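The values are calculated or read from the model by the stated rules, or taken from the named source; none is laboratory data. Because the structure is predicted, anything quoted here is derived from the model rather than measured. FYI the Cβ positions are ideal-geometry reconstructions off the backbone, even for glycines, and counts take in every protein chain you see.
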Amino acid sequence: MSHTEIKTYMQSVGIAARKSSRVLARAGSALKNNALLAIAASIDGARIELLAANSLDMDRGRENGLDDALLDRLELNAERIDGMIEGLKQVAALQDPVGEITDMGYRPSGIQLGQMRVPLGVIGIIYESRPNVTIDAASLCLKSGNATILRGGSEAINSNQAIAGCIASGLASAGLPEDAVQVVNTTDRAAVGELITMTDYVDVIVPRGGKSLIERVSAEARVPVIKHLDGNCHVYIDDCADLKKAVAIADNAKTHRYGVCNAMESLLIAESVAAKVLPELAKIYTEKGVEMRGCEKACAILSAITKASEHDWSEEYLAPILSIKIVSGIDQAIEHINHYSSQHTESIVTEDFNRGRRFIVEVDSSSVIINASTRFADGFEYGLGAEIGISTDKIHARGPVGLEGLTSQKWVVFGDGQIRQ
């Protein structure tokens, strides 16, 4: 399509989304839940078609030289389709935040005042690789009463269009407008430029993808953005840690999946326990093909690892690579994390309650964890049903963004003829 054609097309998408958002804003919980369950049934009935479409994307991805981490994000399989269906059902089971009125109270004038939770309106979501994001985003936006415009990556175009067909079918069968969820049908980058500047039709943009995408959206968007740039997540093994727990957590945080934003990228270990726990972890990492890059003290304990550079401490690898630093204790660990972290997710392994409390108070990240893997920093695991993304911003929403993060509040006033004197 020419630039003029893309502009015209995106304007039509925006107009349809705005119109649908008004229908969704007044839709009751039962209607929205019925639509979510209808989409789940549609996904379940289209497994063969979804896997066939994804196979086309996977084949093209291999031909285009996508690395293993990106191919892992792109792949759909029976388990991931099950996860999409379960996510839809979980979102349907969640309490609907829309219309909830809180903090009701009377003013001296006699008026009664409160705050009502309302949808944001139209949410534009730009994402790469992971086709299951199409369902996560659609389900959360639908339940929170928002219309959504989804622009997936070119590498997942066949998968996303197949999923879009299932969503449209479910919406129609439930009696909601199919335009409530629209998947942009062009992979031209100009469509992104239009989407992030359509202030008349789009209320919020959520970019989910690589750092270059999020930097571009942040720089060029005229619509408010909910984002995180990267996920440089840390695990700190304290000198009061249960080392059996520490090994299991540090293994899982790094090797459960490499190409995800909540994977551990930097491991910090208290000096007094490093010589005992690091060789055991190194054995596990070596067996799983993880490249280790360490500080001088780590290199002194493990002769086979590479010396880390200054760049390594702030790197999001999204790959089987790990930076390791030996620290004097919790003070240095907190200082290191607050300096190098992307404010995504950090974990401490310790049996000392006071140190755990210090860590969650003093570490400035959107998720802070005691004695568990960073991989739990996820909307599904937090009971949100799914997530629209993870925000490391400090205004509006922070951490995994679920239903409440996709709503706003307005003041409501109940009177009985009062006039202002």
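Please go through the stretch 152-183 and pick out each residue that is assigned to a loop (DSSP other than H, G, I, E, B) and modelled with pLDDT under 95.
Within the stretch 152-183, G152, G153 qualify.
Kindly indicate whether any position in the stretch 297-304 is under 32 Å from the mean Cα position of the chain (by Cα) and without any contact (Cβ under 8 Å) to a residue 60 or more places away in the chain.
no
Does G383 qualify as being of a type in the set (G, A, S), closer than 26 Å to D67 by Cβ and within 17 Å of the chain's Cα centre (by Cα)?
no
Output the residues belonging to the stretch 67-82 that are surrounded by fewer than 18 Cβ atoms within 10 Å (Cβ to Cβ) and not polar (S, T, N, Q).
The answer is D67, D68, L71, D72, A78, E79, R80, D82.
Of all residues in the stretch 1-57 being of a type in the set (D, E) and either surrounded by 16 or more Cβ atoms within 10 Å (Cβ to Cβ) or at pLDDT below 95 (or both), which is farthest from A147 (Cα to Cα)?
D57
Kindly list, by first and then second residue, each pair from a residue in the stretch 182-204 that is in the same structural domain as A156 (by TED's automatic domain parsing) to a residue that is of a type outside the set (A, V, I, L, M, F, W, C) and in a loop (DSSP other than H, G, I, E, B), limited to pairs with Cβ atoms under 6 Å and residues at least 6 apart or on different chains.
Partner pairs satisfying both residue conditions: T197/R222; T199/R222; D203/G121; V204/P224.
What residue, among those in the stretch 228-246 that are out of contact with any helix residue (DSSP H, G or I) (no Cβ under 9 Å at 6 or more places or on another chain) and assigned to a helix (DSSP H, G or I), is farthest from I337 (Cα to Cα)?
Across the stretch 228-246, the extreme among qualifying residues is K244.
Looking at L113, is it at pLDDT 95 or above and surrounded by fewer than 19 Cβ atoms within 10 Å (Cβ to Cβ)?
yes
Filter the stretch 62-73 down to the residues that are part of a helix (DSSP H, G or I) and within 23 Å of the chain's Cα centre (by Cα) and list them by number.
D68, A69, L70, L71, D72, R73
Hey, could you check the stretch 285-311 for residues that are assigned to a helix (DSSP H, G or I) and of a type outside the set (A, V, I, L, M, F, W, C) and say which is surrounded by the fewest Cβ atoms within 10 Å (Cβ to Cβ)?
E310
Which numbered condition trips up K143, out of (1) among the basic types (K, R); (2) touching a residue at least 24 places away in the same chain (Cβ under 8 Å); (3) surrounded by fewer than 20 Cβ atoms within 10 Å (Cβ to Cβ)?
(3)
So N64 clears everything in (1) loosely packed, with under 13 Cβ neighbours inside 10 Å; (2) at pLDDT 95 or above except one condition, right? Which one?
(2)
I want to confirm something. Restricting to the stretch 88-106 and keeping residues that are touching a Ser or Thr at 6+ places or on another chain (Cβ under 6 Å) and aliphatic (A, V, I, L, M), which single residue is nearest to V118 (Cα to Cα)?
Across the stretch 88-106, the extreme among qualifying residues is V91.
Does I249 fit the bill of being part of a strand (DSSP E or B), touching a residue at least 40 places away in the same chain (Cβ under 8 Å) and on the phi < 0 side of the Ramachandran plot?
So I249 fails the test.
Please specify each residue of the stretch 222-246 satisfying the condition of being among the basic types (K, R), in contact (Cβ under 8 Å) with a residue 60 or more places away in the chain and over 16 Å from S367 (Cα atoms).
K245
Name the residues in the stretch 247-284 that are under 15 Å from A319 (Cα atoms), in contact with a Leu (Cβ under 8 Å, 6 or more places away or on another chain), surrounded by fewer than 24 Cβ atoms within 10 Å (Cβ to Cβ) and modelled with pLDDT of 95 or more, would you?
D251
Of the conditions (1) farther than 20 Å from A30 by Cα; (2) surrounded by fewer than 16 Cβ atoms within 10 Å (Cβ to Cβ); (3) not aliphatic (A, V, I, L, M), E86 clears all except one; give me its number.
Failed condition: (1).
Pick from L384, L406: which is in the same structural domain as Q90 (by TED's automatic domain parsing), farther than 20 Å from A250 by Cα and surrounded by 14 or more Cβ atoms within 10 Å (Cβ to Cβ)?
Of L384, L406, the one residue that is in the same structural domain as Q90 (by TED's automatic domain parsing), farther than 20 Å from A250 by Cα and surrounded by 14 or more Cβ atoms within 10 Å (Cβ to Cβ) is L406.
Of all residues in the stretch 185-213, count the ones that are outside any loop (DSSP other than H, G, I, E, B), touching a strand residue (DSSP E or B) at 6+ places or on another chain (Cβ under 8 Å) and surrounded by 21 or more Cβ atoms within 10 Å (Cβ to Cβ).
Qualifying residue count, the stretch 185-213: 8.
Considering only residues that are more than 18 Å from H228 (Cα to Cα) and over 14 Å from the mean Cα position of the chain (by Cα), look in the stretch 116-138 and name the one that is surrounded by the most Cβ atoms within 10 Å (Cβ to Cβ).
Taking the candidates together, the pick is V122.
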